[in-house]
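A quick write-up on the structure given underneath.
Bear in mind that the values in this text are calculations on the coordinates, not laboratory data. Just so we're clear, the structure is a prediction, and the values are computed from it rather than from any experiment. Using ideal geometry, Cβ is built from the backbone for each residue, glycine included, and neighbour counts are taken over all protein chains shown.
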Amino acid sequence: MNPDVKYFLQLVLSGLTKGSIYALIALGYTMVYGIIKLINFAHGEIYMIGAFTALIIGGVLQITTELSPLVILGISLVAAVFYSAAYGVTLEKIAYKPLRNAPRLTALISAIGMSLILQNFVLLAQTSDFLPFRSMIPDFSFLIPGKSLLTTTQLVIMVTTFVVMLFLTLLIKFTRMGKAMRATAQDKVMAQLVGIDINRVITFTFVIGSATAAIGGVLIANHTGQINFYIGFLAGIKAFVAAVLGGIGSIPGAVLGSFVLGMTESLGAGYISSAYDNAFAFLILILILIFKPSGLLGRNEVEKV
Amino acid sequence: MNRLLSEAKKSLITSLWFMVLTFPLLVIKVNTRDNTVVWRWMNLLWVAIGAFGLSWIWRRMLERREKGNTRIQSSAWREKVTVFASNRKFQISGLSTLALVVVLFPFLVKFYQVGIVTSALMFVILGLGLNIVIGYGGLLHLGYAAFYAVGAYSYGLMYLYWGLPFWVALPFGAVSGALFGLVIGFPVLRLRGDYLAIVTLAFGEIIRLLLENLSGFTKGPEGIAQIPRPAFFTKLSLQGATTYLYFIAIALVLLAIFVIKRLEDSRVGRALEAMRDDEIAAQAMGIDLTKAKLTTFALGAVWAGMVGVVLAGKTTYINPGSFTLMESVMILVAVVLGGTGSIPGVILGAFLVTLIPEYFRALADYRMLMFGVALVVMSIFRPQGIIPRVRKRYTVGGGKE
């Protein structure tokens with residue numbers, strides 16, 4: 001294969017991988033924003049806690065038992081999803097629920113505080129070093145010839161993301177809970193009047209958002225092979241950028257934004273400069289907010305007095 | 001009795017929930033490098049006890065908040081303080097004692113202590129600067145450390161390339177801070193609230209990345225070293241320079257307080273507050289929002305620019321690592337903790353944020369955790385801060401309170 005073409009393909013595939021991970025995190029942002037109109041600043045930390053839980057549970061099982069890697073992967077994924085969802089719900093109860101009618105700035109400051117708490121909790125309870133994460137995804141034999149182009153982990157990430165998206169779309173479009181979520185997002189008071197328990201809807205949203213973030217955390221840990229307490233910050237910011245890029249509050253928008261961001265980062269790092277790969281995300285954020293603040297698929301919000 | 005039991009049951013449930021919640025992270029410690037697992041069961045006990053007690057206190061505080069009786073108490077208390085503080089004799093004697101202590105301080109204590117207090121004073125100025133943006137303008141700025149970096153680097157680079165001294169760099173730092181404020185303010189004019197917070201955060205990170213990566217110009221991550229301390233006619237000893245910087249910081253604090261006090265009652269200051277309270281209404285009253293927002297950013301950034309120059313002169317070494325998001329967050333904590341919009345509040349907040357970790361070394365590791373807790377607790381229970389702002393009130397009949 002022509003080396004230039006191969007390089008391009010590698011970049012595109014790594015962009016898709018990145019985009020998938022961003023999408024898994026961005027969904028949580030966009031869903032929470034849609035319902036309580038708050039940027040859940042601590043969402044990146046929930047993703048980090050998912051990755052850490054998987055590392056701990058997976059590590060204990062790897063060291064003390066003889067289970068096969070796939071079983072361990074399954075157990076640690078379930079544990080990560082459970083714990084992330086539990087942290088997400090607790091976080092909402094402690095830091096956001098008492099502030100539901102407070103000015104948005106106050107709620108945002110509380111969210112920043114929560115993000116600091118979770119980061120430093122993991123730092124103090126575990127370690128500040130990067131911990132190696134042994135990949136638990138075995139290599140598929142049919143992929144071995146093309147290994148330099150697409151690794152098994154990358155393929156698993158893309159497929160999983162696709163499945164999660166499909167599941168979420170069905171959930172929101174066709175279930176009772178999905179309907180309640182859409183109603184709450186449109187008008188909280190009206191939703192209450194027609195008998196929707198808003199607190200349950202909000203809790204459910206946090207569960208789903210945190211669970212998808214946890215899946216993202218476990219996958220990225222398998223992919224990069226190491227994690228520390230700080231991975232949530234940058235991932236959180238980038239996923240936020242993706243959510244804003246697509247139009248915050250819009251689920252297909254978050255997915256589109258994530259892939260655009262992943263591609264830009266990957267191609268930008270590959271062809272322009274890798275020193276600034278994080279700056280691309282910020283640059284995109286600033287440009288989109290200046291020129292199209294409602295995002296690619298978002299609706300314009302008209303402010304009324 | 002019944003009530004006590006039901007409270008105990010609630011706390012017990014919370015306690016159990018937190019035991020489940022913290023189990024993997026607090027109890028198990030896996031080292032995936034050398035394959036060892038440490039089980040720390042004792043931690044579970046601490047969590048159980050802690051969660052039980054704290055959840056009890058938490059619910060009581062929420063109840064009190066619902067009733068809203070804290071406000072009445074604090075205002076009665078406040079009344080007494082105001083009466084006492086407005087006594088002319090007390091004011092004069094209080095202020096002159098304070099002035100005496102401030103002037104004599106560096107000669108009474110070890111110069112190591114002077115250095116610490118100077119850092120705290122620098123933080124006070126940063127807090128006051130950010131307070132203009134958050135407290136008056138109502139714009140949550142999470143990239144404030146970038147302005148600080150701009151100030152520090154303007155001295156660093158001016159010294160590096162042209163050999164210019166501290167006193168030339170100080171006004172230049174202020175100007176470049178303000179210019180950067182305008183540069184950042186311009187693209188974010190249309191944004192408010194949470195979007196603004198994230199974009200300013202992004203700007204802060206971009207500036208840090210630029211400082212790190214333009215290594216030909218800024219010396220990159222290793223930073224600029226051997227920047228001279230400010231000279232008082234001749235070059236000062238380390239001790240002399242420390243004392244000198246202390247007085248420079250004091251002077252800047254006084255200047256900041258004076259300017260902000262004047263700003264509060266000025267046309268510009270009132271325009272900013274109107275914008276904070278309601279942008280649309282302010283616009284309808286004829287306030288130019290563009291101008292008001294840009295003014296906010298520039299006025300806030302000036303102080304960070306100046307403190308940046310002082311920092312470069314104090315530490316003689318600067319690198320991009322000193323201007324991370326954590327720095328911005330710490331300044332934010334100082335403002336929120338003390339009281340947004342309140343000058344004495346912000347001063348107290350800045351001292352708390354810098355001096356507590358300094359004098360309680362054992363707590364230093366828990367510093368950021370405590371700041372996080374402070375942000376959440378303050379937001380929920382006392383959003384106005386420790387020393388809330390007193391706004392001028394006008395009563396019908398011309399009487400001014």
Spatially proximal lysines relative to B:K67 (Cα-Cα < 29 Å; intrachain offsets below 8 disregarded): A:K37, A:K93, A:K97, A:K188, B:K9, B:K10, B:K80, B:K392
Distance between modelled label sites at A:D139 and B:F381, nm, 7 Å Cα→Cβ extension: 5.7
Separation of the B:F360 and A:K97 label points, Cα + 7 Å toward Cβ, nm: 2.9
A:R200 paired with B:S6, simple spin-label distance in nm, labels 7 Å along Cα-to-beta-carbon: 2.2
Inverse mean reciprocal Cα-Cα distance (Kirkwood Rh) of the protein assembly as shown, Å: 27.3
Cβ crowding within 10 Å averaged over residues, with B:198-211, A:151-164 ranked highest first: B:198-211, A:151-164
Computed lengthening from B:W56 to B:N87, 0.36 nm per intervening residue step minus Cα-Cα distance: 7.0 nm
For region B:1-66, the Rg and Dmax computed from alpha carbons only, in angstrom: 15.8, 54
Chain A - mean residue ellipticity at 222 nm from DSSP helices (-39,500 (n - 2.57) per run, n ≥ 4, rounded to 500): -25000 deg cm²/dmol
Sequence of B:K89, A:K238, A:K93 once ranked by neighbouring C-beta atoms within 10 Å, starting from the fewest: B:K89, A:K93, A:K238
Residues B:T290 and B:T234, FRET efficiency given R0 of 45 Å [Cβ-Cβ distance, rounded to 0.05]: 0.40
Candidates B:A292, B:A284, B:A145, ranked by Gaussian network fluctuation over chain B, Cα under 10 Å, top entry: B:A284
Partners for A:K6 among lysines (Cα-Cα distance below 25 Å; same-chain residues under 8 apart left out): A:K18, A:K147
Ranked list, fewest to most other Cβ atoms within 10 Å of each Cβ, for B:W41, B:W56: B:W41, B:W56
Contour excess over end-to-end distance, with Cα ends at A:M177 and A:I290 and 0.36 nm allotted per residue: 37.1 nm
For B:17-27, mean number of other protein chain Cβ atoms within 10 Å: 5
Calculated [θ] (222 nm, deg cm²/dmol) that DSSP helices of n ≥ 4 give over chain B, each run adding -39,500 (n - 2.57): -24500 deg cm²/dmol
For residues of A:99-110, the mean tally of beta carbons on other chains within 10 Å: 6
Inter-chain shielding of A:287-297 (mean C-beta neighbours from other protein chains, 10 Å cut-off): 2
Exposure proxy ranking, count of Cβ atoms within 10 Å, fewest first, for B:M330, B:M370: B:M370, B:M330
Convex hull of Cα atoms in chain B, direction-averaged projection (nm²): 27.0
Exposed GluC sites (Glu not before Pro) absent: longest stretch of chain A, with sites in DSSP loops and at most 16 other Cβ within 10 Å deemed exposed: A:67-300
Two-decimal ratio, region A:228-272, of alpha-carbon radius of gyration to 2.2 N^0.38 Å: 1.23
Radius of gyration, Dmax [region A:128-188; alpha carbons; angstrom]: 18.7, 54
Surface/4 of the Cα convex hull for chain A, nm²: 17.6
